[in-house]
Amino acid sequence: MSEPLFKAEAVHKSFRDPKSGASLEALGGLSLEIQEGEFVSVIGPSGSGKTTLLYLMAGFLKPDSGRLLYKGAEVDGPSPERTVIFQDYGLFPWKTAAGNVEFPLKARGLSPSARRAGARKYLSMVHLDGFEDKYPHQLSGGMKQRVGIARALACGPDAVLMDEPFAALDNITREMLQEEILRLWSGLGKTFVLITHHLDEAIFMSRRIIVMSARPGVVKESIAVDLPEPRTAEVKTHPAFTALKARLMKSLREEVEKSLAASRGPALVLDMGVIKVAEKEAL
Amino acid sequence: MKGLVSIILITASWQAASMLGWLNPYLMPPPSKVLRAFIETADEGVLFIYLAASLKRVLTGLAIGFAAAVPLGVLAASRAGVRAYLLPVIELLRPVPPIAWIPLAILWFGIKGDGASAFITFIASFFPMFLHTFSGVRHIEEIHLNAARTLGADRKMLLLDVAIPSALPFIVTGLRISLGFAWMSVIAAELIASSSGLGYMIEMNRSMMNIPNVICGMVTIGAVGYVMNEAIVRVERRFSWKPGRQEP
């Protein structure tokens with residue numbers, strides 16, 4: 001593999017608490033590479049800057065220093081080429097399921113009839129045939145996230161960035177969607193990046209796991225996941241699975257202890273609020 | 001239904017009080033006389049002519065107000081530069097009651113015709129619609145903005161497919177409040193600056209001491225306002241994408 005799809009070079013990112021004025025370093029010189037077609041999970045203690053990293057890759061945020069490259073060029077704003085699947089789905093409640101999936105197709109300039117057909121196709125890929133005309137509030141959490149997935153795929157992305165996409169779902173739904181995403185990944189050959197704090201999910205789904213340090217976040221280690229393919233439910237009882245989980249648990253525990261020791265400083269979980277403030281003026 | 005019971009009770013007590021001689025029949029005529037006035041004015045057609053005149057002014061002012069308030073509200077909400085220039089002006093003009101504009105309206109548009117009254121309804125309807133549009137667009141959730149941008153929306157789509165639909169429930173609420181304001185103000189304007197309309201009708205009948213017609217006009221104003229509000233509440237429900245949104 002020649003040029004990586006994503007490349008972070010010593011990325012620093014801090015947030016300022018608008019009330020106290022205190023500055024909080026979310027990423028402290030993070031470097032990483034993600035190759036085309038990979039399925040990578042990023043795990044780390046809460047507040048380690050996982051979401052900040054994903055938002056930088058999505059283009060919602062810009063690094064304070066260092067460079068974040070996508071296909072060799074610096075990321076400059078959001079793009080449907082590297083679209084996002086959100087934890088809270090981010091569906092437009094004033095649009096139907098089909099309307100939501102049509103949104104990126106409309107942005108791509110497709111004709112109304114091509115958009116209808118496209119929405120039908122992508123909703124069918126996530127088994128939502130017959131739900132085209134339902135509004136998000138008429139759908140269950142799992143179905144909403146299926147719409148979110150269909151909508152992301154409709155962007156025709158090279159990379160799909162997922163920010164704890166299953167965190168709000170029950171276990172059964174979560175597992176079904178995990179398998180669904182894997183099926184889509186192996187069928188589409190696109191790059192998937194998954195932010196999660198769920199170790200089983202990270203191991204089950206990814207081919208590589210990036211462990212982040214306590215804040216300020218850097219890459220602590222990158223671990224290849226060597227498990228039988230295709231991944232089915234049985235993988236979860238494989239000895240290698242259990243061994244890897246124990247290893248990741250230990251690695252994470254070290255970081256959590258570090259962050260606890262350091263938590264005399266500013267409060268731990270603050271970055272999200274600041275991100276929201278930054279986005280307000282972007283319209 | 002219960003509301004109807006109270007209305008009947010109030011009217012009946014009013015009628016009884018008149019028949020018992022507790023009310024001055026000139027200053028507060030009984031409902032039976034008001035009803036007769038209603039039938040007479042309706043029969044002659046003046047009631048409907050005046051009603052139509054008032055409605056026309058309200059709808060004219062409201063339409064111009066809407067056309068000005070919604071784009072300005074969107075613009076002020078989405079562009080910090082526009083906001084900085086516009087908001088202080090709006091906040092300075094907003095406390096001036098629409099009826100305080102009547103003297104100027106008479107000078108500018110004259111007492112004949114619809115101009116002065118329509119201008120007053122425009123003033124009355126502009127501010128609620130502007131402020132509701134503004135805060136509707138300002139209240140867009142970040143996740144919707146982020147989602148739209150990561151799905152490839154350009155500025156036009158951000159505006160037409162995200163900002164405005166997201167703000168639509170607010171805009172319709174603003175429309176409802178504006179309609180109520182405009183209806184109240186048109187009557188006030190017609191009391192002074194008009195020679196037709198329901199406001200003119202009650203003022204003219206006052207000067208002729210025809211009090212049943214005055215009350216008849218007032219009841220009509222109330223009833224029409226009620227019907228318009230009910231109608232737009234329905235529109236509001238239709239446009240509200242928020243599930244189970246309750247009326248304030």
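The values are calculated or read from the model by the stated rules, or taken from the named source; none is laboratory data. Note that the coordinates shown come from a computational prediction; the quantities given were computed from them, not determined experimentally. Don't worry about glycine lacking a Cβ; one is built from the backbone with ideal geometry, like all the others, and counts go over all protein chains shown.
Considering A:GLU179, A:GLU201, which residue is in a helix (DSSP H, G or I), surrounded by 20 or more Cβ atoms within 10 Å (Cβ to Cβ), more than 14 Å from every other protein chain (Cβ to nearest Cβ) and of a type in the set (Asp, Glu)? Exactly one of A:GLU179, A:GLU201 is in a helix (DSSP H, G or I), surrounded by 20 or more Cβ atoms within 10 Å (Cβ to Cβ), more than 14 Å from every other protein chain (Cβ to nearest Cβ) and of a type in the set (Asp, Glu), namely A:GLU201. Taken over region A:181-196, the criterion of being touching a residue at least 60 places away in the same chain (Cβ under 8 Å) and within 18 Å of A:MET57 (Cβ to Cβ) is satisfied by A:TRP185, A:LYS190, A:THR191, A:PHE192, A:VAL193, A:LEU194, A:ILE195, A:THR196. Could you list, in sequence order, all residues of region A:43-63 that are polar (S, T, N, Q) and either surrounded by fewer than 21 Cβ atoms within 10 Å (Cβ to Cβ) or within 13 Å of chain B (Cβ to nearest Cβ) (or both)? Hits for region A:43-63 are A:SER46, A:THR51. Scanning region A:174-227 for residues that are touching a Gly at 6+ places or on another chain (Cβ under 6 Å) and under 19 Å from A:GLY47 (Cα atoms) turns up A:MET212, A:ARG215, A:PRO216, A:GLY217, A:VAL218. Restricting B:ALA42, B:ALA77, B:ALA105, B:ALA63 to residues that are at pLDDT 95 or above, surrounded by 14 or more Cβ atoms within 10 Å (Cβ to Cβ) and part of a helix (DSSP H, G or I) narrows the list to B:ALA63.
Taking the criterion of being touching a residue at least 12 places away in the same chain (Cβ under 8 Å), within 12 Å of another protein chain (Cβ to nearest Cβ) and surrounded by 23 or more Cβ atoms within 10 Å (Cβ to Cβ), would at least one residue in region A:108-128 satisfy it? No, every residue in region A:108-128 fails to be touching a residue at least 12 places away in the same chain (Cβ under 8 Å), within 12 Å of another protein chain (Cβ to nearest Cβ) and surrounded by 23 or more Cβ atoms within 10 Å (Cβ to Cβ).
Of the residues that sit in region B:80-102 and are assigned to a loop (DSSP other than H, G, I, E, B) and more than 20 Å from B:THR173 (Cβ to Cβ), which one is farthest from the other protein chains (Cβ to nearest Cβ)? Of everything passing the filter in region B:80-102, B:PRO97 is farthest from the other protein chains (Cβ to nearest Cβ). Would you mind stating whether A:ILE34 is touching a His at 6+ places or on another chain (Cβ under 9 Å) and modelled with pLDDT of 85 or more? When the stated conditions are applied, A:ILE34 does not pass them. Restricted to region A:64-78, and to residues there that are assigned to a strand (DSSP E or B) and among the aliphatic types (A, V, I, L, M), the residue that is surrounded by the fewest Cβ atoms within 10 Å (Cβ to Cβ) is A:ALA73.
Only residues that are at the interface with chain B (Cβ under 7 Å from one of its Cβ atoms) and surrounded by fewer than 24 Cβ atoms within 10 Å (Cβ to Cβ) were counted in region A:93-105, giving 2.
Being surrounded by fewer than 20 Cβ atoms within 10 Å (Cβ to Cβ) and either of a type in the set (A, V, I, L, M, F, W, C) or within 14 Å of another protein chain (Cβ to nearest Cβ) (or both): is that true of B:MET201 here? For B:MET201, the condition - surrounded by fewer than 20 Cβ atoms within 10 Å (Cβ to Cβ) and either of a type in the set (A, V, I, L, M, F, W, C) or within 14 Å of another protein chain (Cβ to nearest Cβ) (or both) - is not met.
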